[in-house]
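*Asks:* Sharing a structure with you now.
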Amino acid sequence: MTKYQKIIEDWLHEGKDAAPVGELLGFRLVSFDDGVIRLEMDAERRHHNPMGTVHGGVLCDLADLAMGTAFAATLEEGEGFTTLQLSACFLRGVREGRLNCTGRVLYRGRVSGHAESEITDGEGRLVARFTSTCQVLAGR
């Protein structure tokens, strides 16, 4: 088990929050199975933009954490990574309620990779879709 896989396991099974931004925004790790990570959050007024809906940046943070955690699980000892590109497609506004986020790695090469994420509301309706390109960093 690599360092990053251990962090994910501790987050999932022991409640050790692995990402301070996730704690700040109220994200919870629900499951990690077969490379697919599931996070959730309860959207509240504190997450709103001036129009009274969940700010797109909060949704980006949720998706980025899901994709990044899934990608981190693919790293070997001594590797790190950084996000080179994040693309968002917002499909439905959300005011309050449970949001579910799924992240997975679509491709993991020697020096780069590609991940995707989607966020749904409590009724299972698609709220947003995201993709991310990651660069593997050796010796980090």
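*Asks:* Return the only residue of L12, L25, L39 being surrounded by 14 or more Cβ atoms within 10 Å (Cβ to Cβ) and in contact with a Lys or Arg (Cβ under 8 Å, 6 or more places away or on another chain).
*Replies:* L39
*Asks:* Output yes when any residue across the range 53-60 is closer than 24 Å to L137 by Cβ, among the hydrophobic types (A, V, I, L, M, F, W, C) and in contact with a Ser or Thr (Cβ under 9 Å, 6 or more places away or on another chain), and no when none is.
*Replies:* No, that holds for no residue.
*Asks:* When the residues of the range 117-132 are filtered to those that are assigned to a strand (DSSP E or B) and touching a Lys or Arg at 6+ places or on another chain (Cβ under 6 Å), which remaining residue is farthest from F81 (Cα to Cα)?
*Replies:* V127
*Asks:* Among the numbered criteria (1) closer than 17 Å to H55 by Cα; (2) in a strand (DSSP E or B), which one does Q135 miss?
*Replies:* Single failed check for Q135: (1).
*Asks:* Provide a single number: the residues in the range 24-57 that are charged (D, E, K, R) and over 13 Å from the mean Cα position of the chain (by Cα).
*Replies:* Taking the range 24-57 as the starting set, the residues that turn out to be charged (D, E, K, R) are 28, 33-34, 38, 40, 42, 44-46.
From the residues that got through so far, the ones that are over 13 Å from the mean Cα position of the chain (by Cα) too are 33-34, 42, 44-46.
Total satisfying the criteria: 6.
*Asks:* In the range 83-116, how many are within 19 Å of F71 (Cβ to Cβ) and part of a strand (DSSP E or B)?
*Replies:* Total satisfying the criteria: 19.
*Asks:* Against the definition (within 19 Å of V21 (Cβ to Cβ), at pLDDT 95 or above and surrounded by fewer than 17 Cβ atoms within 10 Å (Cβ to Cβ)), how does T82 come out, yes or no?
*Replies:* Considered against the rule, which asks whether it is within 19 Å of V21 (Cβ to Cβ), at pLDDT 95 or above and surrounded by fewer than 17 Cβ atoms within 10 Å (Cβ to Cβ), T82 comes out as yes.
*Asks:* Just need a number here: residues in the range 118-140 that are surrounded by 14 or more Cβ atoms within 10 Å (Cβ to Cβ), touching a Ser or Thr at 6+ places or on another chain (Cβ under 9 Å) and within 16 Å of A43 (Cβ to Cβ).
*Replies:* Result for the range 118-140: 5.
The values are calculated or read from the model by the stated rules, or taken from the named source; none is laboratory data. Keep in mind that this is a model prediction, so the values were computed, not measured. Virtual Cβ from ideal backbone geometry, glycine too; neighbours counted across all protein chains shown.
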